Amino acid sequence: MTRAQLQRRLGTAGLLAVVVGGCAAPGSREGVIAESAGLMGAAPRFAPDGPDAEEYGASDGFPTGDRTTFFRIPFLVGSHSQLDQVFEGRLVRRADRASRLGRAASEPVLQYYYQGAAADLDRYLSRNPATGFLIARGETILVERYQYGRNDRHRFTSWSMAKTVTSMLVGIAIAEGRIRSVDDPAAIYVSALAGTEYGRTSLRHLLQMSSGVRFVEEYSGRDDVAQLSADTFRQVGAGGVEAVTRYDQRVLPAGSKFSYASVETQVLGLVLRNAVGRPVADYLSEKIWQPMGAEADATWLVDRAGQEATYCCINAVLRDYARLGVLLAHDGNWRGRQIIPAAWIAEATRAQPEPSHLKPGVATPFFGYGYQTWIFPGERPMFALLGVRGQTIMVDPTSRLVMVHTAVRKQPSSPGPSELGALWRTVVTELGT
């Protein structure tokens, strides 16, 4: 079938959907016709299963579970692509008109080595529980894959990738004069924090996870982050300021040691809400989501007080996460419009000579840390948004490469060198020149 014949059968709009936008649903008439015509190129590819699919609830249609079971393995696929059906979320409204993302004529061949053996993207997906995987360069999608019956309409949860978004909103609020300085203590903006250790902590040290306030984040189910989740998006506690004031023991001087603590992003969220005078989700929609041309509504989970859980819990379609990554790769500029201040992007995402406790290899054995953003070691400036169970946006500003990865790993964190990291290094090496 020729392109002209295909256009006569689908009409112009249908042809654009499968060839330009790459939005044909799996199994749809448009998708089947396009595949038979050989015109799919690097359009989305959908798989009904994935590694250990039965363990993840395939026979039951990948159920979401409920507020007590959503984090258990049989419910991870369902919950991590529909978390706003389990918990209450506030809408982050899409753009009136979605920005166009180009699409490569075919997927690039990606071959890499991991643990001494050769591998490629198909092999990676066959043994890693990725629900969505996308690579873009500039504003062109090179790869877009889905597993476990997920598709390009599912909203995948971000977990801690949302921390970087919160940081970007702080940068915008400073540029607008709503927040005066990163060196202001949090209590200036949240009076209820006056007299507390977090109230006395500067926004800079909160952004750098260096407050010195004790907070245990081990994902044991019995630690401080479990309590924080209960008090925020799980809506067990009252939420609001009460969710953060229970953590009030300073064990180190502020600005002296990196210690990952989700509560510090929640404090930043309270600061944002008061500084801008509106819900953080509304601010995200107005300042980032709509200006970058998001194609779908997102959601941000909220606590009982209506405060967004800003340390986690944005839910968005894969291509909008890609747009976010592309925006960051372009130093906050979207097609000539500066959405996020470039100077803020540079400060938030680049390794700085000081303070030394934030350097790669010091903050953690591998990554360094900026403003709520993970920084790769090495001369080439690269950074990442990371969330538990495998949520990732990796960004190489030099080549404008972005890799988005949503997943349902059985363990919340995966210590040590990862296969995803090996794949990313190949992406940068092979596609980033």
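The values are calculated or read from the model by the stated rules, or taken from the named source; none is laboratory data. In this text the structure is predicted, and so the values were computed from the model without any measurement. In this analysis, Cβ positions are derived from the backbone assuming ideal geometry, glycine residues included, and neighbour counts consider all displayed protein chains.
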Single residue of the stretch 137-168 satisfying the filter (out of contact with any strand residue (DSSP E or B) (no Cβ under 9 Å at 6 or more places or on another chain) and of a type outside the set (S, T, N, Q)) that is nearest to residue 346 (Cα to Cα):
168
Enumeration of residues in the stretch 92-111 that are among the hydrophobic types (A, V, I, L, M, F, W, C) and loosely packed, with under 15 Cβ neighbours inside 10 Å:
105, 109
Failed item, numbered, when residue 57 is tested on (1) free of Cβ contacts under 8 Å to residues at least 24 places away in the same chain; (2) among the small types (Gly, Ala, Ser); (3) in contact with a His (Cβ under 7 Å, 6 or more places away or on another chain)
(3)
Inside the stretch 243-281, the number of residues satisfying the requirement of being touching a residue at least 24 places away in the same chain (Cβ under 8 Å), surrounded by fewer than 19 Cβ atoms within 10 Å (Cβ to Cβ) and among the charged types (D, E, K, R) is 3
Looking at residue 371 and the list (1) surrounded by fewer than 18 Cβ atoms within 10 Å (Cβ to Cβ); (2) touching an Asp or Glu at 6+ places or on another chain (Cβ under 7 Å); (3) not acidic (Asp, Glu), which single condition is not satisfied?
(1)
Looking at (1) closer than 20 Å to residue 395 by Cβ; (2) surrounded by fewer than 24 Cβ atoms within 10 Å (Cβ to Cβ), which is the one condition that is false for residue 314?
(2)
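Does any residue of the stretch 117-133 turn out to be within 20 Å of the chain's Cα centre (by Cα) and small (Gly, Ala, Ser)? Before the answer, list the steps.
Pass one, the stretch 117-133, residues within 20 Å of the chain's Cα centre (by Cα): 125, 128-133.
Then drop every residue that is not small (Gly, Ala, Ser), which leaves 130, 132.
The answer is yes, given that some residue of the stretch 117-133 is within 20 Å of the chain's Cα centre (by Cα) and small (Gly, Ala, Ser).
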Within the stretch 390-397, can one find any residue that is acidic (Asp, Glu), buried (at least 18 other Cβ atoms within 10 Å of the Cβ) and out of contact with any His (no Cβ under 9 Å at 6 or more places or on another chain)?
yes
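Of all residues in the stretch 125-141, which are in a strand (DSSP E or B) and within 16 Å of residue 324 (Cα to Cα)?
132, 133, 134, 135, 136, 137, 140, 141
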Residue 389, sole failed condition from (1) closer than 24 Å to residue 183 by Cα; (2) in contact (Cβ under 8 Å) with a residue 24 or more places away in the chain; (3) in contact with a strand residue (DSSP E or B) (Cβ under 8 Å, 6 or more places away or on another chain):
(1)
If you scan the stretch 129-145, which residues turn out to be among the polar types (S, T, N, Q) and either assigned by TED's automatic domain parsing to the domain that holds residue 316 or buried (at least 21 other Cβ atoms within 10 Å of the Cβ) (or both)?
131
Do the conditions hold for residue 195, that is, is it more than 26 Å from residue 350 (Cα to Cα), at pLDDT 95 or above, outside any helix (DSSP H, G or I) and out of contact with any Phe, Trp or Tyr (no Cβ under 8 Å at 6 or more places or on another chain)?
yes
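Per-residue answers, yes or no, for (1) crowded, with 18+ Cβ neighbours inside 10 Å; (2) among the basic types (Lys, Arg); (3) assigned by TED's automatic domain parsing to the domain that holds residue 233; (4) modelled with pLDDT of 95 or more:
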position: 33; (1), (2), (3), (4): yes, no, no, no
position: 47; (1), (2), (3), (4): no, no, no, yes
position: 50; (1), (2), (3), (4): yes, no, no, yes
position: 54; (1), (2), (3), (4): no, no, no, yes
position: 57; (1), (2), (3), (4): yes, no, no, yes
position: 63; (1), (2), (3), (4): no, no, no, yes
position: 69; (1), (2), (3), (4): no, no, no, yes
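Condition first: small (Gly, Ala, Ser), within 25 Å of residue 409 (Cα to Cα) and in contact with a helix residue (DSSP H, G or I) (Cβ under 8 Å, 6 or more places away or on another chain). Can you find one or more residues in the stretch 111-124 that meet it?
First, the residues of the stretch 111-124 that are small (Gly, Ala, Ser): 116-119.
Then drop every residue that is not within 25 Å of residue 409 (Cα to Cα), which leaves 116-119.
When the remaining residues are screened for being in contact with a helix residue (DSSP H, G or I) (Cβ under 8 Å, 6 or more places away or on another chain), the result is 119.
Scanning the stretch 111-124, I find at least one residue that is small (Gly, Ala, Ser), within 25 Å of residue 409 (Cα to Cα) and in contact with a helix residue (DSSP H, G or I) (Cβ under 8 Å, 6 or more places away or on another chain), so the answer is yes.
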Within the stretch 174-183, the residues that are farther than 15 Å from residue 347 by Cα and in contact with a helix residue (DSSP H, G or I) (Cβ under 9 Å, 6 or more places away or on another chain) are 176, 178, 179, 180
By residue number, the members of the stretch 313-356 that are without any contact (Cβ under 8 Å) to a residue 24 or more places away in the chain and within 20 Å of residue 102 (Cβ to Cβ) are 333, 336
Pick out the one residue from 152, 96 that is in a loop (DSSP other than H, G, I, E, B), over 17 Å from residue 422 (Cα atoms) and over 17 Å from the mean Cα position of the chain (by Cα).
96
When you go through (1) within 19 Å of the chain's Cα centre (by Cα); (2) farther than 15 Å from residue 136 by Cβ; (3) touching a residue at least 24 places away in the same chain (Cβ under 8 Å) one by one for residue 380, which number turns out not to apply?
(1)
With the requirement that a residue be within 23 Å of residue 148 (Cβ to Cβ) and either surrounded by fewer than 20 Cβ atoms within 10 Å (Cβ to Cβ) or of a type in the set (Ser, Thr, Tyr) (or both), what does the stretch 398-419 give you?
406, 409, 410, 411, 412, 413, 414, 418, 419
